[in-house]
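Presented below is the structure to which this report refers.
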Amino acid sequence: MRGYSAYLFDFDYTLADSSKGILTCFRNVLTRNGFIDVSDEDIKRTIGKTLQDSFSILTGVSDKDQLEIFRKEYVKEADTYMTANTILFLETKSVLRALKDAGAYIGIISTKYRYRIKELLDQHLPSDYFNIIIGGEDVLEAKPSPEGLLLAIKQLDIPKEEVLYIGDSTIDAETAEAAGVDFAGVLHGVTTAEQLREYPHVKIMNTLEDLFDYQNPATLEDKHKDKKTKDSPTPQKARKRLLKTIALALTGLLGVSELIVSGTCAFLIIFLLILLFNVRPSDVSIFLKRFTPGSINTIESYIRLFHFKQIRGHSTHSIGQEVITCLNCNNTYTGNYCNKCGQGKEVTRLSFRHGLKNIAGGLSHMEHGFWGTLMELLYRPGYMINDFIKGKRVHHLGPFHALFLLAAIYILLVKFVDPNALAHEDANENQTEQITTVRNQLQQRLDTTKNVQQKAAIMQLQKYLNTTESSSKSIDKKDTVEVKSGNTIEDLAENQGKVYERISQKLSHIPFFQKVWDLLHHWAHGNKAASIIVTLPLFALATRMAFRKRVYLPNLNTTEHLFIQAYIASQILLISCIYFPFNGKAQLNELYDIPYWLIFIIFWWDYKQLFRSTWTKSFIRTILMFWYSLLIIILLATVLIAIIIGGLFLLKAFGF
């Protein structure tokens, strides 16, 4: 058997014996649901299929809802029993080490969830030992669909003829045949050699060690070196190429948006300059060849590759094996960080670059995932939120930290792009402060004077001041809002405004309450982050109601929903910061600058990624979420108005 550049393995019955864990989980679910006549051999023959297909074969049930219930029960059982009852085959480590030492790429393509595979492998191998791992959650179609295998080939950027897929079942053989790669069967499972020989194969092996019967691992190393001398793309180069493509696409999108919104073309010129200095004629020819009518599969592969990048997210740095002496506490350790004091091994001499980084970190905490979080909010927000909830937090900025930071960035942008908006806000606040000061002075005079005529004059001045303030607010409202008759929401807002004015007038007679009221009003008015935070519990409750029957992430608590909404609000603020310079006019009295239809699309997109649902189901659930939000707003407004009216009656009853 000739040497290959990449060896991709199935997991169950190929690299590891998980039959004990699988039997335990299946047996518990089947027994609980009354299926006690299924034998262990029947269960083993379904290994490699999806859980729904396996339960359908074992029970004869074809109802999708019932099969989904079986799947959920199995996953819960697997969380308890699977990893503890799974062991690697004796030759697995030595074979993988030989392939890796020979310079070959190694990977896993399985229907088992990736996190469960890594849970076992991390007990035996370094976290970055495999070049790629694709689990059942990374693809839309399970094996024998070649989707996972093609994703791995595209990610590694290796021709199909240099890839060997190793598996134990006929499903693995069908997957390799559909993907157009060579297949080698291993007899670790229940599938016989005769069954595997019915499919195209290069070898049927008793153990994985038979991979080296007809090849010298040194030839792999020589071949890999020859490949490097030809400057073939490595996974690192493929990642850099993907990031450059994303950056180029974003620049082009900004250029088109700028041209449409403001009629200028600064970003478009930058986009053309990047193309001019980075694209070679050979790239153009390759592009034209790939996008001929016969290359639709290539386009689909790139789309799947981007989808894989979205799901996978931030990769963990490799762990160094050399012994390091910590410069802080003189402790010796292996890895990237000292296990005694936590200082990283990358400690170099201070430079100008370190100074800039330290200043930026002190101002915005940027050293802890600031730019990475912003980028992921733009192209994989739902998957990023999912990673944060599940515990992958070291590379991400916290949701509320991101929210406050982006709100501050927005205000800075307003100062540069539309300073008149802030000047108008400051003028309104100054006028309010002046009126409050005059009102407090009048109240003090009223409390201290004993002259009846002076008291009457002061009370007349207070009445005139309240009337003037109310009329000015009415004029501002008429100038900025066009009220339409018959609109319930606008009528409700207008009534709330009147109630607010009546409360202000009543509280003006009580100095302490007036000061507290003015302080709260001053803090909330124009504070974008504070206004957004008020809406988070509303959307969190509405989301929990709309997605209560979800299959993925079914047990999120209220706090997790609140963090989800904080990240979505941060994403909308980030897009507002990008959109606002092209619009050129700030909307300080609105929650966001972007149109409502775009906000709906953002929620739809985020929910689709977060809950791993279809576009159609996510669309319907998003509409439900906004409908529930409207109902909650109406309910809260009704309760609030009832409380305010009751408070006014109490004030009136006590003579205020």
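The values are calculated or read from the model by the stated rules, or taken from the named source; none is laboratory data. Note that this is a predicted model, so its numbers are computed, not measured. Ideal geometry is used to build each Cβ from the backbone, glycine not excepted, and the neighbour counts take in all protein chains shown.
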Options 118, 160; residue that is among the basic types (Lys, Arg) and either over 29 Å from residue 72 (Cβ atoms) or crowded, with 23+ Cβ neighbours inside 10 Å (or both): 160
Contacts under 6 angstrom Cβ, first residue in region 182-205 being closer than 23 Å to residue 158 by Cα, partner assigned to a loop (DSSP other than H, G, I, E, B), 6 or more apart: 182/202; 183/201; 184/202; 185/201; 202/1; 203/1
Every residue from region 53-84 that is more than 19 Å from residue 143 (Cβ to Cβ), modelled with pLDDT of 85 or more and in contact with a Leu (Cβ under 8 Å, 6 or more places away or on another chain): 59, 61, 70
Condition check for residue 548: at pLDDT 80 or above and not in a helix (DSSP H, G or I): yes
Unique match (being modelled with pLDDT under 75 and either buried (at least 17 other Cβ atoms within 10 Å of the Cβ) or in contact with a Cys (Cβ under 6 Å, 6 or more places away or on another chain) (or both)) among 320, 362, 369, 382: 369
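Across region 336-353, what is the number of residues that are small (Gly, Ala, Ser) and surrounded by 10 or more Cβ atoms within 10 Å (Cβ to Cβ)?
So the first thing to find is which residues in region 336-353 are small (Gly, Ala, Ser), and the list is 342, 344, 351.
Okay, now just the ones that are also surrounded by 10 or more Cβ atoms within 10 Å (Cβ to Cβ), so 342, 344.
Residues meeting the conditions: 2.
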For residue 351: the one exception among (1) modelled with pLDDT of 70 or more; (2) within 30 Å of residue 114 (Cα to Cα); (3) not β-branched (Val, Ile, Thr): (2)
Among (1) modelled with pLDDT of 85 or more; (2) closer than 30 Å to residue 155 by Cα; (3) polar (S, T, N, Q), the one test that residue 50 misses: (1)
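Looking for whichever is under 17 Å from residue 29 (Cβ atoms) and buried (at least 21 other Cβ atoms within 10 Å of the Cβ) here; the options are 72, 112. Which one fits? Break it down into steps so the answer makes sense when it comes.
On the way: 72 fails: buried (at least 21 other Cβ atoms within 10 Å of the Cβ).
Selected residue: 112, the only one of 72, 112 that is under 17 Å from residue 29 (Cβ atoms) and buried (at least 21 other Cβ atoms within 10 Å of the Cβ).
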Unmet requirement for residue 84, which otherwise passes all of (1) farther than 26 Å from residue 148 by Cα; (2) over 34 Å from the mean Cα position of the chain (by Cα): (2)
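Is it the case that residue 90 is in a loop (DSSP other than H, G, I, E, B), within 21 Å of residue 22 (Cα to Cα) and aliphatic (A, V, I, L, M)? Walk me through how you get there before you give the answer.
Details: in a loop (DSSP other than H, G, I, E, B): yes; within 21 Å of residue 22 (Cα to Cα): yes; aliphatic (A, V, I, L, M): yes.
The answer is yes for residue 90.
For region 517-537: of the residues being surrounded by 16 or more Cβ atoms within 10 Å (Cβ to Cβ) and of a type in the set (A, V, I, L, M), which is modelled with the highest pLDDT?
Step by step, filter region 517-537, then rank; the result is 536.
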